[in-house]
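Quick notes on the structure that follows.
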Amino acid sequence: MSASTKIPATLIPGDGIGPEVTQSVIEVLDAMGSPFEWDYQLGGMAAIADGGDPLPKATLESIHRTGLALKGPLTTPVGGGFRSVNVRLREEFHLYANLRPAKTLIPGGRYENIDLVIVRENLEGLYVAFEHYIPIGDDPHAVAMSSGVNTRDGSRRIAEFAFDYAARNGRKKVSIVHKANVLKALTGVFLETAQQVGEKYKGQVEYNDRIVDACAMQLVLNPWQYDVIVTTNLFGDILSDLAAGLVGGLGMAPGANIGLHAAIFEAVHGSAPDIAGKGIANPVSVLLAAAMMLEHVGMKDQRTKLEAAIDRVLNEDNVRTGDLGGKATTKEFTAALIKRVG
Ligand code: NAI
Ligand code: MG
């Protein structure tokens, strides 16, 4: 592609292993004749070091302009400190759908042939974090309270996303996961609305519903009964990490945050401070996120090509990083993949 026809996209290398794994993506996509023209922007600790703000104005402006970003992991301090940049990005760009596929890439693990997709509502539920403490006596934290918010509109929007995704991708079934037996209002409105949407897809995509705790058990005992799962924010966060565990861990799990006007692609894993700077991080998660990004801009053939090449490097060339039991460095894996996509 010539420079003028390239698609502008924001690139946030991120913290910890972020710059190492996103560099791998840039090199591999370049070898494929990348459709993207990257606009490099800062976020997280790297941005604090630069100007004091973990989510600088220039980064927000860039994503408002491009509507498309690939993001490395950002370090978030636990408890105090600033509010999660990831949550702020979702809110700023109304990225209501978090799409997390879990697919077996390496046979011979604890589970074989896993191929499921979790669609997580990304803006509502308990993650609105309307929280406060009530002090009693000399204990300022005697009582902690939190309110969740699920709306009819938000529930409909995410259910439509999930059923539409299923229909477009030849998926057979959507499981609506909830806790409406106990949280009758908060997750009841989600269940009721998702079922109404499911009725509209009758004959095309089936649906059922599952209570979240039973779903967690079934995902361990018999994950193959699931195809697409649609669920609320907190349950989706937990179940998608569980699903990543079914396919070999965080090094193999990509995610997309999608809204009407913007989409941000990232790995599910964090900045892995324990291995940062050592050159041994597994770039596959963020490469798979880039593959989803290719499909998002209408290049499904390029997505298929990249995924097939990753498969061959892992399973035919046997080039794997340490988290997968191999010895390859990030650079060696990248070089092997460039040979396969070239
Ligand atoms: P983590 O995902 O960074 O690391 C967990 C374990 O998995 C570590 O042992 C790490 O070495 C390993 N690991 C993760 N990705 C790997 C890769 N690509 N290759 C090889 N090994 C890998 O989770 P942790 O330690 O809980 O979080 C570290 C920081 O990352 C925190 O500040 C957290 O807030 C942030 N984080 C950011 C996310 C994002 O930006 N989307 C998501 C999750 C966490
Ligand atoms: Mg999570």
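Quick look at the values:
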quantity	calculated
Which listed residue is free of Cβ contacts under 8 Å to residues at least 12 places away in the same chain and not assigned by TED's automatic domain parsing to the domain that holds Leu126, from Gly322, Gly270, Gly326	Gly326
Single condition Val174 does not satisfy, out of (1) in the same structural domain as Leu314 (by TED's automatic domain parsing); (2) crowded, with 16+ Cβ neighbours inside 10 Å	(1)
Top-ranked residue of the stretch 177-188 - restricted to ones that are open to solvent by 30 Å² or more (accessible area, probe 1.4 Å) and touching a residue at least 12 places away in the same chain (Cβ under 8 Å), ranked as farthest from Arg152 (Cα to Cα)	Asn181
Residue that is within 16 Å of ligand 2 (Cβ to nearest atom) and surrounded by fewer than 23 Cβ atoms within 10 Å (Cβ to Cβ), where the choices are Ile238, Ile211	Ile238
Checking Ala144 against (1) over 23 Å from Gly259 (Cα atoms); (2) surrounded by 18 or more Cβ atoms within 10 Å (Cβ to Cβ); (3) small (Gly, Ala, Ser), the condition it does not meet	(2)
Test: residue in the stretch 125-138 that is within 17 Å of the chain's Cα centre (by Cα) and either polar (S, T, N, Q) or modelled with pLDDT of 95 or more (or both)	no
Any hit, the stretch 79-90, residues being assigned by TED's automatic domain parsing to the domain that holds Leu287 and either acidic (Asp, Glu) or away from ligand 1 (no atom under 16 Å from the Cβ) (or both)	no
When residues of the stretch 215-240 are limited to those that are among the small types (Gly, Ala, Ser) and either within 16 Å of ligand 1 (Cβ to nearest atom) or more than 24 Å from Leu123 (Cα to Cα) (or both), the one modelled with the highest pLDDT	Gly236
Test: Val286 is in a loop (DSSP other than H, G, I, E, B), in contact with a strand residue (DSSP E or B) (Cβ under 7 Å, 6 or more places away or on another chain) and either within 16 Å of ligand 2 (Cβ to nearest atom) or closer than 20 Å to Arg340 by Cα (or both)	no
Only listed residue being within 16 Å of ligand 2 (Cβ to nearest atom), closer than 30 Å to Val28 by Cβ and either at pLDDT below 95 or surrounded by 24 or more Cβ atoms within 10 Å (Cβ to Cβ) (or both), chosen from Gly248, Gly270	Gly270
Members of the stretch 11-44 that are assigned to a strand (DSSP E or B) and in contact with a Gly (Cβ under 9 Å, 6 or more places away or on another chain)	Leu11, Ile12
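Each row is one residue, and each column tells you yes or no for (1) among the acidic types (Asp, Glu); (2) under 20 Å from Ala267 (Cα atoms); (3) part of a loop (DSSP other than H, G, I, E, B); (4) modelled with pLDDT under 90.
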site	(1), (2), (3), (4)
Ala47	no, yes, no, no
Asp53	yes, no, yes, yes
Ile63	no, yes, no, no
Ala69	no, yes, no, no
Leu74	no, yes, yes, no
Pro77	no, yes, yes, yes
Val87	no, yes, no, yes
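The values are calculated or read from the model by the stated rules, or taken from the named source; none is laboratory data. Nothing here was measured: the structure is a model prediction, and the numbers come from that model. So basically every Cβ, Gly included, is an ideal-geometry build from the backbone, and we count neighbours across all protein chains shown. Each accessible area value is taken on the protein alone, full model and side chains, heavy atoms only, with ligands, DNA and RNA left out. Shrake-Rupley method; radii C 1.70, N 1.55, O 1.52, S 1.80 Å.
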